[in-house]
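Beneath this line is the structure, given in structure tokens, with notes to follow.
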Amino acid sequence: MNKLHIIGLAGTNGSGKDTVGQILAEKHGYLFVSVTDILRDELKRRGREVNRENLRGLSAEWRRESGQLGVLVDKAVEQYQKAAEKYSGVVMASLRNPGEANRVHELGGTMVWVDADPHIRYERIQKNASVRGRAEEDNKTFEQFLAEEQAEMHQSGDEATLSMSGVKDKCDVFITNDGAGTGELQTRIEQSLDLI
């Protein structure tokens, strides 16, 4: 499989991973799968509150139960395989465990890290919270936002938990999304992934 058929997106909270995924879907024919939405849907199905703590807990539970650290990657690829003929590939966000980055690489894919200044990211999340349907989930102070991100940055000693820094170490491409505009971001994506 060509390495650009599978793109894994990782990065800091509010950096614009979903925006990158949507650009790849709209401009380059990829299926965009939010693995976070897969987790949200399961929490809702179980009648549990959708918050970062429960999202982290569920993803770790699935990794432990399946024995596969890349289980969320496999779920996204399964969605793609059901309609692969319609798409040029699959792009998935937000990958937060090094095993997910490893799985993308095992499948011949490319890992992309998206980042921006923390203040820009926080303002972006607050501005878009209701549009994304996450007003309650995203209602927090800047300090809480930074603390949650720090909790997801390093593993707790359990390889099934999140380690965004571990994922970053495995990324192939780095994109800065500092709010220069969608056109500029699209150009950065296309140049970084050699899609021009």
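The values are calculated or read from the model by the stated rules, or taken from the named source; none is laboratory data. All figures in this text were calculated on a predicted structure; none of them were measured in a lab. Virtual Cβ from ideal backbone geometry, glycine too; neighbours counted across all protein chains shown.
Per-residue answers, yes or no, for (1) surrounded by 14 or more Cβ atoms within 10 Å (Cβ to Cβ); (2) of a type in the set (Lys, Arg); (3) under 23 Å from ARG52 (Cα atoms):
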site	(1), (2), (3)
GLY109	yes, no, no
ASN128	yes, no, yes
GLU143	no, no, yes
GLY183	no, no, no
Worksheet item: What is the number of the single condition among (1) acidic (Asp, Glu); (2) under 13 Å from TRP113 (Cα atoms); (3) touching a Leu at 6+ places or on another chain (Cβ under 7 Å) that GLU159 does not meet?
Response: (2)
Worksheet entry | Conditions (1) assigned to a helix (DSSP H, G or I); (2) in contact with a Ser or Thr (Cβ under 7 Å, 6 or more places away or on another chain): number failed by LEU9 | (1)
Response to the item:
Considering the stretch 104-144, residues that are part of a helix (DSSP H, G or I) and of a type in the set (A, V, I, L, M, F, W, C), and then whichever is modelled with the lowest pLDDT, we arrive at ALA135
Worksheet item: Can you tell me which residues in the stretch 68-84 are farther than 12 Å from LEU95 by Cα and of a type in the set (Val, Ile, Thr)?
Response: VAL77
Item to complete: Please state which one of ALA180, ALA147, ALA160 is without any contact (Cβ under 8 Å) to a residue 24 or more places away in the chain and in a loop (DSSP other than H, G, I, E, B).
Response: ALA180
Worksheet entry | Count - residues of the stretch 166-181 that are modelled with pLDDT of 90 or more and either of a type in the set (Phe, Trp, Tyr) or loosely packed, with under 13 Cβ neighbours inside 10 Å (or both) | 2
Worksheet item: Quick one: how many residues across the stretch 94-117 are more than 17 Å from the chain's Cα centre (by Cα) and either without any contact (Cβ under 8 Å) to a residue 60 or more places away in the chain or more than 30 Å from ARG64 (Cα to Cα) (or both)?
Response: 2
Worksheet entry | Within the stretch 1-59, considering residues that are in contact with a Cys (Cβ under 9 Å, 6 or more places away or on another chain) and not hydrophobic (A, V, I, L, M, F, W, C), the one surrounded by the fewest Cβ atoms within 10 Å (Cβ to Cβ) | GLY11
Worksheet item: Residues of the stretch 43-88 being within 17 Å of the chain's Cα centre (by Cα) and farther than 20 Å from GLU106 by Cβ, which ones?
Response: VAL50, ASN51, ARG52, GLU53, ASN54, LEU55, ARG56, GLY57, LEU58, ALA60
Worksheet item: Taking the condition at pLDDT below 95 and on the phi > 0 side of the Ramachandran plot, does GLY67 pass?
Response: yes
Worksheet item: Would you pick out the residues in the stretch 146-161 that are within 14 Å of the chain's Cα centre (by Cα) and either closer than 18 Å to GLU123 by Cα or at pLDDT 90 or above (or both)?
Response: GLU149, MET153
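Which one of VAL77, VAL91, VAL33, VAL20 is touching a residue at least 40 places away in the same chain (Cβ under 8 Å), part of a helix (DSSP H, G or I), of a type outside the set (Ser, Thr, Tyr) and within 21 Å of ASP115 (Cα to Cα)?
Within the list VAL77, VAL91, VAL33, VAL20, the selection yields VAL20.
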